[in-house]
Amino acid sequence: MGIIVAKFGGTSIGDGKRIKKAARAVVKEYMQGKKVVVVVSAINKTTDDILEIVNRSIGEAITEKQMADIVSMGEITSVRVFSSTIESLGVKSEYIDPHMEIWPVITDSNYLNAKIDFAETEIKSREI
């Protein structure tokens, strides 16, 4: 069975119509017998909007840890929307995010400029 890794950027999932179109493409591949792993960015302009709000409300006082946590909310939201859209099309979907124990990407603790530990990430990825 083939594995497809599909990455959808913010513009390609920029609204409900585009999310459904992308989800349909994923479902089509799955229905043809392929395993599909999907990576999604934050929905169009979400990160920019979050950064503007942070800048106006907190400014320079924000820590790197706080910024990393806040800015990740766009992806955390979009993965849930995308997974739910796949399920609305009749296919079971499971999302994972960095707050989950099974998250496979292992990095150092440099919040806004982390380096990936590729050896550990490879091991964790095989567990999924």
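Think of a 1.4 Å ball rolled over the protein heavy atoms: the chain then has 69 Å² of accessible area per residue. Here's the list of lysines a cross-link from Lys115 could span, going by alpha-carbon distance under 25 Å and ignoring same-chain residues fewer than 8 apart: Lys7, Lys65, Lys124.
Taken along the Cα-to-beta-carbon direction at a fixed 7 Å, the label points for Lys21 and Glu52 span 2.4 nm.
How much net charge surrounds Ile43 when only other residues with a Cβ under 14 Å from its Cβ are counted (Lys, Arg +1; Asp, Glu -1)? Result for the local shell: +2. Once the mean of 1/r is taken over each pair of separate Cα atoms and inverted, the chain shows a Kirkwood hydrodynamic radius of 16.1 Å.
A simple count of charges around Lys21, restricted to other residues whose Cβ falls under 12 Å of its Cβ and scoring Lys, Arg +1 and Asp, Glu -1, yields +4. Only the Cβ atoms of Lys and Arg (+1) and of Asp and Glu (-1) were treated as charged; on that basis the dipole of segment 1-90 about its Cα centre amounts to roughly 660 debye. The accessible surface of the chain, taken with every protein chain in place and a 1.4 Å probe, is 55 percent carbon and sulfur. Less than 5 angstrom separates the built amide H of Thr107 from those of Asp117, all sequence-distant by 5 or more or on a different chain.
Given their separation in residues at 0.36 nm each and the Cα-Cα distance between them, Ala119 and Val81 gain 10.6 nm when the chain is fully extended.
When you restrict to C-alpha pairs under 8 Å that are six or more residues apart and normalise by the size of the chain, the relative contact order lands at 22 percent.
The values are calculated or read from the model by the stated rules, or taken from the named source; none is laboratory data. These figures come from a predicted structure and were not determined experimentally. FYI the Cβ positions are ideal-geometry reconstructions off the backbone, even for glycines, and counts take in every protein chain you see. We work out accessible area using only protein heavy atoms, side chains counted, and drop any ligands, DNA or RNA first. Shrake-Rupley method; radii C 1.70, N 1.55, O 1.52, S 1.80 Å.
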